[in-house]
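J.: Please find one structure pasted underneath; my questions will follow.
The values are calculated or read from the model by the stated rules, or taken from the named source; none is laboratory data. Worth saying up front: this structure is predicted, and the values here are computed from it rather than measured. Positions of Cβ are backbone-derived with ideal geometry, glycine not excepted, and every protein chain shown enters the neighbour counts.
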Amino acid sequence: MDDTPENNGHTGSEVGPTEPAGSGVAPSASMLLSLRGITKSFGAVQALQHVDLDVPAGQVTALIGDNGAGKSTLIKTVAGIWAPTSGSVYWKGKEVHIHTPRDAAHLGIATVYQDLALCDNLDIVENMYLGREETKVGVLDEITMELATKKTLKDLSVSTVKSVRQVVGSLSGGQRQAVAVARAVMRESELVILDEPTAALGVSQTAQVLDLIRTLSGRGIAVIVISHNLNDVFAVADRIAVMYLGNLVSHGPIANYDRNSAVEMITTGRSDRVPSSLASSN
Ligand SMILES: Nc1ncnc2c1ncn2[C@@H]1O[C@H](COP(=O)(O)OP(=O)(O)OP(=O)(O)O)[C@@H](O)[C@H]1O
Ligand SMILES: [Mg+2]
């Protein structure tokens, strides 16, 4: 990789008056999630280099970057799939160690992966409770599960599903995505991470999923959404974080970016269009 100051592995954030560049900035208790100096190597491959990121509650953070930039690896360190090689994760200002997906779920972090991991041959209720069925004296409490499933979908304003007893294999891509999100948020999640939620969807299904993301953030939930689609990003995000060759080269409020600067950041790791007063803050 080249060795410009923008991607030398110590940049942290380059954009935004409230996000000083580089590590060493103490995480604030007002941030739901803060990453400091997160590095991850796979053998000789440095997938992440000294990543600093702050994720506030009630806002949508779009994580963008080219193929192989390190986006999925970054969220997997938060989701408990990979332990970082070095660096620290803070939850509400306190350092935490997330070793497993269960640890992440315990904190209130829910991740929806692109393949969704739903079972086509089971209905919506069965998918929602897969592996954590409600039992009443040893028998599955179907009524409780069905009512809770209906309530969760209603709370998320998912209205296109005809019956919660429909098998998931018969749902559209957008409806499947909605079930996967509903499943993730059913347990009091405070942070929902979505990896490419609209990649396989058509226009109206994409609109449904973007609505769902807005509903989540409107309820005070923090959302991190990975997307290659800048239309989606500019439609739904409050903040942008750009990864380039394993470095988080820029992050800040969406107002600091336009499409051109975002594309430049994604493809070259820097942008002259980002106002210098923002790029050089601190
Ligand atoms: N399990 C692994 N073993 C070895 N290398 C890996 C592994 N997972 C990811 N990498 C490497 O880490 C780097 C970042 O990959 P990552 O999957 O995080 O990229 P990404 O930004 O999510 O890309 P995409 O947009 O294509 O999904 C790549 O060079 C990739 O080859
Ligand atoms: Mg990925």
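J.: Does the stretch 187-201 contain at least one residue that is in contact (Cβ under 8 Å) with a residue 12 or more places away in the chain, among the hydroxyl-bearing types (Ser, Thr, Tyr) and more than 16 Å from ligand 1 (Cβ to nearest atom)?
T.: Yes, that holds for at least one residue.
J.: Kindly evaluate ALA235 against the criterion of being modelled with pLDDT of 95 or more, more than 16 Å from ligand 1 (Cβ to nearest atom) and touching a helix residue (DSSP H, G or I) at 6+ places or on another chain (Cβ under 6 Å).
T.: The answer is yes for ALA235.
J.: Of the conditions (1) modelled with pLDDT of 85 or more; (2) crowded, with 20+ Cβ neighbours inside 10 Å; (3) among the small types (Gly, Ala, Ser); (4) assigned to a helix (DSSP H, G or I), GLY169 fails just one. Which one is it?
T.: (2)
J.: Is it the case that ASP115 is modelled with pLDDT of 90 or more and either out of contact with any helix residue (DSSP H, G or I) (no Cβ under 8 Å at 6 or more places or on another chain) or assigned to a strand (DSSP E or B) (or both)?
T.: No.
J.: Which one of these does VAL167 not meet: (1) over 14 Å from the mean Cα position of the chain (by Cα); (2) under 23 Å from LEU32 (Cβ atoms)?
T.: Failed condition: (2).
J.: Looking at this structure, is SER250 within 16 Å of ligand 2 (Cβ to nearest atom) and closer than 20 Å to LEU53 by Cβ?
T.: No; evaluated as a whole, the condition is false for this residue.
J.: Then there is this: For the list (1) surrounded by fewer than 13 Cβ atoms within 10 Å (Cβ to Cβ); (2) within 25 Å of ALA262 (Cα to Cα), I need the number of the one condition that ARG187 fails.
T.: (2)
J.: Hey, can you tell me all the residues within the stretch 213-225 that are in contact with a strand residue (DSSP E or B) (Cβ under 9 Å, 6 or more places away or on another chain) and at pLDDT below 95?
T.: Once the filter is applied, which keeps residues that are in contact with a strand residue (DSSP E or B) (Cβ under 9 Å, 6 or more places away or on another chain) and at pLDDT below 95, the stretch 213-225 yields ILE213, ARG214, LEU216, SER217, ILE221.
J.: Separate question: Could you list, in sequence order, the residues of the stretch 197-211 that are in contact with a helix residue (DSSP H, G or I) (Cβ under 6 Å, 6 or more places away or on another chain), outside any helix (DSSP H, G or I) and either within 16 Å of ligand 2 (Cβ to nearest atom) or under 21 Å from PRO253 (Cα atoms) (or both)?
T.: PRO197, THR198, ALA200
J.: Test ARG214 against the criterion of being basic (Lys, Arg) and assigned to a loop (DSSP other than H, G, I, E, B), and give yes or no.
T.: Here the answer is no, as ARG214 does not meet what is asked.
J.: Just wondering, is there one or more residues in the stretch 101-108 that are assigned to a loop (DSSP other than H, G, I, E, B), hydrophobic (A, V, I, L, M, F, W, C) and surrounded by 19 or more Cβ atoms within 10 Å (Cβ to Cβ)?
T.: Checked against the condition, which is being assigned to a loop (DSSP other than H, G, I, E, B), hydrophobic (A, V, I, L, M, F, W, C) and surrounded by 19 or more Cβ atoms within 10 Å (Cβ to Cβ), the stretch 101-108 yields no hits at all.
J.: Pull up the stretch 50-88, narrow it to residues that are buried (at least 24 other Cβ atoms within 10 Å of the Cβ) and more than 16 Å from VAL225 (Cα to Cα), then point me to the one that is nearest to ligand 1 (Cβ to nearest atom).
T.: Among those residues, the one meeting the criterion is VAL51.
Table: residues versus (1) modelled with pLDDT of 80 or more; (2) within 24 Å of the chain's Cα centre (by Cα).
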residue	(1), (2)
GLY131	no, yes
GLU142	yes, no
ALA148	yes, no
LEU153	yes, yes
SER163	yes, no
ALA180	yes, yes
ARG183	yes, yes
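J.: Mind telling me which of the residues THR198, THR206 ends up being surrounded by 23 or more Cβ atoms within 10 Å (Cβ to Cβ) and touching a Gly at 6+ places or on another chain (Cβ under 9 Å)?
T.: The conditions single out THR198.
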